[in-house]
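Below you'll find the structure, written out as structure tokens, and then a few comments.
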Amino acid sequence: MRFSRLKPAFSATAGAAILLAVGGYFVFAAVQGEFGVVKRAQITAERTALTAERDKLKLQTARMENLTHRLSDSYLDLDLLDERVRNVLGYVRADELVLR
């Protein structure tokens with residue numbers, strides 16, 4: 001008789017424990033899982049950083065395309081050519097003074 005009273009209480013306790021464990025698993029998965037809140041925040045931060053890097057690279061590419069166009073055969077910028085020759089080759093004119 002005493003055992004029959006414990007059986008429903010044990011069953012209810014075991015059921016509640018199982019439900020609590022399953023609920024805990026789903027809460028953990030929603031927060032820390034592969035598609036959880038934490039992972040989403042990490043992906044958003046990484047996306048922001050990569051977008052900024054992409055924009056910086058686009059500006060560098062546009063600058064390099066501009067310089068390349070200005071030194072091409074169809075359009076030659078003599079001032080830019082003179083600057084590049086001075087920087088890369090170290091040329092100076094005869095009437096200039098060089099300070100080191």
Practice task
Report whether or not residue 99 is at pLDDT below 85 and exposed (fewer than 10 other Cβ atoms within 10 Å of the Cβ).
Solution key: yes
Problem - Residues (over 13 Å from the mean Cα position of the chain (by Cα) and small (Gly, Ala, Ser)) located in region 43-99 - result: 62, 72, 74, 90, 94
Handout entry: Tally, over region 60-87, of residues that are under 24 Å from residue 100 (Cβ atoms) and modelled with pLDDT of 90 or more
Key = 0
Handout entry: Subset of region 22-52 [surrounded by 10 or more Cβ atoms within 10 Å (Cβ to Cβ) and acidic (Asp, Glu)]
Key = 46
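The values are calculated or read from the model by the stated rules, or taken from the named source; none is laboratory data. Note that this is a predicted model, so its numbers are computed, not measured. FYI the Cβ positions are ideal-geometry reconstructions off the backbone, even for glycines, and counts take in every protein chain you see.
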